[in-house]
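Notes for the one structure printed next.
The values are calculated or read from the model by the stated rules, or taken from the named source; none is laboratory data. Owing to the predicted nature of the structure, the values given are computational and were not obtained by experimental measurement. Using ideal geometry, Cβ is built from the backbone for each residue, glycine included, and neighbour counts are taken over all protein chains shown.
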Amino acid sequence: MTAEPFADLLAGRASDDRPGLLFEGRTWSWREYVEEARSAASWLDAFGRPLHAAVLGDNSPGLLFLIGAAALSEHVVVALNPTRSVAELERDARATRTDLVLWDEPYGEAAREVAQALGVPHCRMSEARDPGEPKSAPGELVMLIFTSGTSGRPRAVRITQRKLAVPGTNLAALLGADDAVYCSMPLFHSGALMAAFSPAVASGARLVVRRRFSASAVLPDVREHGCTYLHYVGKALSYVLATPEQPGDADGPLKIAFGNEGGATAVRRFGERFGCYVIDAFGSTETAISITPDPSGPKGCLGRLPEGVEIRDPATGRRSATAIIEHGRLANPDEAIGELVNVQGMGLFDGYFEDEEADRERIRDGAFWSGDLAYADADGFVFFAGRGSERLRVDGENLAVAPIEAVLREFEGVVEAAVYPVPDAAAGDQVMAALVLAAPFDPGAFQDFLAGRKDLGSKAIPRYIRVCGELPQTPSNKVLKRHLVSDAWLTEDPIWVRDGGYRRLTARDREAIHADFVRQGRQHLLESAGGFQSG
């Protein structure tokens, strides 16, 4: 898969005096944006060698200037996730050979701690500018963006020139130079880069950037700036739908919402309420496998299985059986559910950064194993079945279970801990943990323990806690997490739910959860996982 370098797309905007970047009341033309990117590249060049510059901040012009600088030079931007703990950030920075830490408030203290631990300089992003011209030529590698793997270590994905250019060019076909792209999803993730920033550059459409996502601000922002295209991830659509309906919601300028993991019901309701076409695609940071939505397919499907992509049993490597669906339920989950595999190559995946173990985990005999579980019916329509039990995706972010388990095992009285995903009613997963305890569970002490942990990110805190006498195990003493996943919150063991603090889950809670899945059109996840029934 070939495309012109992303640097060439940026160069194409260098003489464009139309509005390019809009942020908090200020506008830069595309010409001015490219000039600022070149200025940042010149500033980085002054260090005398190609740098890995880690950035820590919310969406901002400074961050976008640095991304442009990396595309136009030999320097590489390392996108740190500000929701991670300082200990995790330090580990991520070391793994990517960070030479410099750049930050925006309110992350200055965290950036300083990371920089001091690595013995590298740090400064505000706004200081990274020099009026001179960059001396270095564009390199192949532009960015490193982290995702999580099944072994528990974060994986730094190589974001190359083509990895930005191909989706940008493809999605630019949906846009014209007079359109405006709304970007409120975090730019330290690949989605906002590839489905908002890059298409805007490729098409010349205006890029309207918000520092952080706010459900209540989406419609006012869209109307104020005439946004015709909106990018979203995960539950964002559901959060917007939860805001009070207003007269004329469907009469705004929005034409297209593009993203992933929106949920079937949210996608339909968002399109109806705001009078736009919602494209809920399937993909990942690696972008080795992409599935295009097919409106003609059955409810809840991702689209048709693309050529060269198969569903295979991760244990045997053999192709999974065709799904037998009876009355909307999967009748043969053991035979039909398997892992999505690109058997023809890597797609847009250019490998992980200096992580041979991670490459071996995903790349086997020239095929890319995604870790995403799915099944396909006789017509080739694909249905997402979840992720392997060693990975979770919460609010659009992949989480590994091993670091969470390591923290939970340090809570006083824990004999053993297992962490696994259970489906979320709106999109993605919720974190659930099964604990074997030597003493009764103390929810208050557990909440205090979690609050004091710097090495546990906010999204990794378990939503549900199952207290059990023993964990299901194989004869070789490996935990059978698929049994825990199948049981979810429907078990006779005591279940605690995080609701401010932790409280006991009741029968009424279980009924409400089941009803929420039905309302969101995601009950098939419960059924395919283990035939869940309310009651």
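If you go through the range 21-64 and keep only what is touching an Asp or Glu at 6+ places or on another chain (Cβ under 7 Å) and in a helix (DSSP H, G or I), you end up with W30, R31, R38, S39, S42, W43, G62. No other residue among Y239, Y232 is in a strand (DSSP E or B) and not assigned by TED's automatic domain parsing to the domain that holds F146 apart from Y232. Residues in the range 37-55 that are surrounded by fewer than 21 Cβ atoms within 10 Å (Cβ to Cβ) and within 19 Å of A202 (Cα to Cα): there are none. Residues that are touching a strand residue (DSSP E or B) at 6+ places or on another chain (Cβ under 6 Å) and either part of a strand (DSSP E or B) or closer than 15 Å to G119 by Cβ (or both) within the range 84-95 comprise just one, A93.
The rows are residues; the columns are (1) surrounded by 20 or more Cβ atoms within 10 Å (Cβ to Cβ); (2) within 19 Å of R453 (Cα to Cα); (3) in contact (Cβ under 8 Å) with a residue 24 or more places away in the chain.
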| residue | (1), (2), (3) |
| --- | --- |
| L80 | yes, no, yes |
| R84 | yes, yes, yes |
| A93 | yes, no, yes |
| R97 | no, no, yes |
| Y107 | no, yes, yes |
| M125 | yes, no, yes |
| P131 | no, no, yes |
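Restricting the range 467-505 to residues that are out of contact with any Leu (no Cβ under 7 Å at 6 or more places or on another chain) and in a strand (DSSP E or B) leaves a set whose member that is farthest from S85 (Cα to Cα) is R504.
Note on the range 30-78: residues that are of a type outside the set (D, E, K, R) and without any contact (Cβ under 8 Å) to a residue 24 or more places away in the chain total 1.
Just checking, does the range 209-228 include any residue being among the basic types (K, R), surrounded by fewer than 18 Cβ atoms within 10 Å (Cβ to Cβ) and either under 18 Å from the mean Cα position of the chain (by Cα) or under 22 Å from R84 (Cβ atoms) (or both)? Yes, the range 209-228 has at least one match.
Only one of the numbered conditions (1) in a helix (DSSP H, G or I); (2) over 25 Å from R393 (Cβ atoms); (3) not hydrophobic (A, V, I, L, M, F, W, C) is not met by P247, and that is (1).
Given the condition under 27 Å from the mean Cα position of the chain (by Cα), within 19 Å of A128 (Cβ to Cβ) and either at pLDDT 95 or above or among the acidic types (D, E) (or both), answer yes or no: does some residue in the range 43-50 qualify? No, because not a single residue in the range 43-50 is under 27 Å from the mean Cα position of the chain (by Cα), within 19 Å of A128 (Cβ to Cβ) and either at pLDDT 95 or above or among the acidic types (D, E) (or both).
Within the range 297-322, the residues that satisfy the criterion of being farther than 24 Å from K235 by Cα, surrounded by fewer than 21 Cβ atoms within 10 Å (Cβ to Cβ) and not acidic (D, E) are L305, P306, G308, R312, P314, A315, T316, G317, R318, R319, A321, T322. Taking the criterion of being under 30 Å from L219 (Cβ atoms), in contact (Cβ under 8 Å) with a residue 60 or more places away in the chain and assigned to a helix (DSSP H, G or I), would at least one residue in the range 284-292 satisfy it? The answer is no, given that none of the residues of the range 284-292 is under 30 Å from L219 (Cβ atoms), in contact (Cβ under 8 Å) with a residue 60 or more places away in the chain and assigned to a helix (DSSP H, G or I).
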